[in-house]
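A short write-up of the structure that comes next.
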Amino acid sequence: MMRRREVLTLLGGAAAWPLSAWAQQQAMPVVGFLNPASPDGMGDRLRGFRRGLKESDYVEGENLAVEYRWADNEVERVPALAADLVRRRVAVIVATGALAASAATTATTVIPIVFLAAEDPVRLGLVASLARPGGNRTGINLVSGELVAKRLEFIREMLPTAKRVAIFVNPTNPTNMESTLRDAEPAARAMGLQMRVLNASTSSDINAAFASLAQEPADAIFVSVDVFLNSRRVQLANLASRHAIPTTFPFRDCAEAGGLMSYGSDVADAFRQVGTYAGRILKGAKPADLPVMQAAKFELVINLQTARMLGLTVPPTLLTAADQVIE
C-alpha cells in the first residue's frame, strides 16, 4: 500500500506539471514501431520515417509519441514484442520487414498495421490484393526480393569470368530465404554460375561462412534481402574485403559500408512512405482503403574504392548505369 507521504509527493508533482502539458500528453496518439533488428545503423531510415510523419503534420515528441520495439536480431522475440504493442493499445503499428509484419498480423486484427515488406505482400498473406488490401493492413512493397536475377546479371557484367557465387541467406527468415533461392537458381543456371548457399543467422555464422570459403572459394558473394544480414553489413563488407571477394548487396547503405555494389529499392524513401501512411491513418484513413504502394525507384550503387582494392576495373557500361559511384 502506498504511504501518505508518497501520495502527497505524487500529487505535488502533478500539481507542478502545467495542466496544458498534461492534457497534451494524454491526447497524443502513439505509434508502435516494430523491427526484428536493432537501431544501430538505422539513422537514415528512421529519418525517412519521421519525414513521412511530418508530411502528415505529425512530429515525434510534439504531437505524436512513438513506442519502439527492437528484437536486436533475436527473431523469436518478435511475436512477444508485437503482442506488447497491442497491449499498449497503440493507434497504429508500423511493422518493418516480413517477420514483423507477420507477427503484427497475428497479434491483432483491429489495430491498423502499416508494413514494409521486400516480398510480395499478397503471396505473404498480408493483404488480399495490392489495390484493395482489405482488413487492418496496408503498406509498402520494396519488391527487392524480385530483383535477384538483375543483381546476378550485374555480377556477371562486373565479373564476366566468374564461375562460382556464394549466396548468403538467413535460415531464421524462411520466407525471404526460399524466395531468394527460388529466383536465384534458374537465373544462376542460365548464366552458367554454380551456386553455393551459406546460412547465417548470427555474427558467428557469418565468420564461419567466410572461413569455409577458404576451403571452397567463391568468385563472388550475393547477400540476400534480410533485416539481420543488412544489420551486419559492416561485418560482411569488411570480411569480403579481407578475403578479396567481390560482393553484391540489396541496399545502398551496404555499398556505403564498403561493399562492392548494391542494387535495390531506395529504402529510406520507403520508410518515408511508411510514415506518410501511418500519419494518414492517424487522421482517419482506413488501411483497407489505402492501396499497397510499390517501390518505383531502384538504385545501382558502385563503390569504386572497393573495386580498386579488389583490383577490378568496373566496365564503363556499369559506371554509366550507376545511380551513384562512391569514389
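Residues in region 82-99 include at least one that is of a type in the set (S, T, N, Q) and either in contact (Cβ under 8 Å) with a residue 60 or more places away in the chain or surrounded by 24 or more Cβ atoms within 10 Å (Cβ to Cβ) (or both). Quickly run through region 14-44 and pick out the residues that are at pLDDT below 90 and assigned to a helix (DSSP H, G or I). The answer is Ala14, Ala15, Ala16, Leu19, Ser20, Ala21, Trp22, Ala23, Gln24, Gln25, Gln26, Ala27.
Is it true that Thr96 is among the polar types (S, T, N, Q) and either closer than 16 Å to Val267 by Cβ or in the same structural domain as Ser224 (by TED's automatic domain parsing) (or both)? It is true that Thr96 is among the polar types (S, T, N, Q) and either closer than 16 Å to Val267 by Cβ or in the same structural domain as Ser224 (by TED's automatic domain parsing) (or both). Among the criteria (1) under 24 Å from the mean Cα position of the chain (by Cα); (2) farther than 23 Å from Thr96 by Cβ, the one Ala296 does not fulfil is (2).
Could you count how many residues in region 279-298 are without any contact (Cβ under 8 Å) to a residue 24 or more places away in the chain and assigned to a helix (DSSP H, G or I)? Outline the logic, then answer.
Step one: list which residues in region 279-298 are without any contact (Cβ under 8 Å) to a residue 24 or more places away in the chain, which gives 284-285, 289, 296.
Now drop any that are not assigned to a helix (DSSP H, G or I), which leaves 289.
Looking only at that region, the number is 1.
Considering only residues that are in contact (Cβ under 8 Å) with a residue 40 or more places away in the chain and in a strand (DSSP E or B), which ones fall in region 250-278? Passing the criteria: Met261, Tyr263, Gly264, Ser265. Applying the criterion of being within 18 Å of the chain's Cα centre (by Cα) and among the hydroxyl-bearing types (Ser, Thr, Tyr) to the residues of region 111-154, the residue that is nearest to Thr96 (Cα to Cα) is Thr138.
The values are calculated or read from the model by the stated rules, or taken from the named source; none is laboratory data. A quick note: this is a predicted structure, and the numbers were derived from the prediction, not measured. Using ideal geometry, Cβ is built from the backbone for each residue, glycine included, and neighbour counts are taken over all protein chains shown.
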